[in-house]
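A.B. asks: To start, I am sharing the structure in question, which I have written as structure tokens.
Read the figures in this text as sums done on the coordinates, not as results from a lab. Computed from a predicted structure; not experimentally measured. Cβ placement follows ideal geometry from the backbone for every residue including glycine, while neighbour counts extend to all protein chains displayed.
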Amino acid sequence: MRRTLELFIMFFTLLLASCGGPFTSTTSMLTVIEKGHSSDYKEFWIKAYDPSNHNKGEAFRIVVQEEMVWNLIEEDREYFSSYAKEGDKPWILEKTEHSAVERE
């Protein structure tokens, strides 16, 4: 009986640990090269790249969940940003601010 309970607990723990898929979170400088939105204005996104590790050709799309934040982001500007991704879902912008160099 004890062995069965131990196996059940191990199986249940493995099942819970496998839910949700891999989660990736990144913080880096981003250069925004394009902004866009869906035709019904319900999804907003930016296209950006990390100037330290990528070039303009390797830009990727990041979903911006808040329209007000999207409105404040400017193309051809550099931002210090945090963005995350779960499994195959798109990147989601979590936090962004102007880079220190551009503030001066």
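A.B. asks: Give me the extension gain from Ile92 to Glu58: residue separation times 0.36 nm, minus the current Cα-Cα distance, reported in nm with one decimal.
C.D. replies: Taking Ile92 through Glu58 to full extension adds about 10.5 nm, to one decimal.
A.B. asks: Would you please report the Å³ per residue occupied by the convex hull of the alpha carbon atoms in the chain?
C.D. replies: Each residue corresponds to 150 Å³ of Cα convex hull volume.
A.B. asks: Considering only Met68, Ser39, Thr27, whose Cα is most displaced toward the positive end of the charge dipole of segment 22-103, charges sitting on Cβ of Lys, Arg (+1) and Asp, Glu (-1)?
C.D. replies: Positive-most Cα among the choices belongs to Thr27.
A.B. asks: Shifting gears a bit: Set the Förster radius R0 to 22 Å, insert the Cβ-Cβ distance between Ile33 and Asn71 as r into 1/(1 + (r/R0)^6), and round the FRET efficiency to 0.05.
C.D. replies: 0.80
A.B. asks: Next question, about the same structure. So what is the calculated 222 nm ellipticity per residue for the chain, using -39500 (n - 2.57) for each DSSP H run with n of 4 or more, over all residues, to the nearest 500 deg cm²/dmol? Present the calculation step by step, with values, prior to reporting the outcome.
C.D. replies: Numbers: 3 runs with 27 residues, N = 104.
Rounded to the nearest 500, the figure is -7500 deg cm²/dmol.
A.B. asks: Sticking with this structure for a sec: I'd like the projected area of segment 51-104, averaged over all directions, using the convex hull of its alpha carbons. Report it in nm² with one decimal.
C.D. replies: For segment 51-104, the mean projected area of the Cα convex hull comes to 4.5 nm².
A.B. asks: Hey, another quick one. Can you run phi through the Karplus equation (6.51, -1.76, 1.60; θ = phi - 60°) for segment 28-38 and list ³J(HN,Hα) in whole Hz, with x for Gly and Pro?
C.D. replies: Along segment 28-38, the couplings run 6, 6, 10, 9, 7, 10, 7, 10, x, 8, 6 Hz.
A.B. asks: With a point put 7 Å past each Cα toward its Cβ, work out how far Lys47 is from Phe8 in nm, to one decimal.
C.D. replies: Computed distance between label sites Lys47 and Phe8 equals 5.5 nm.
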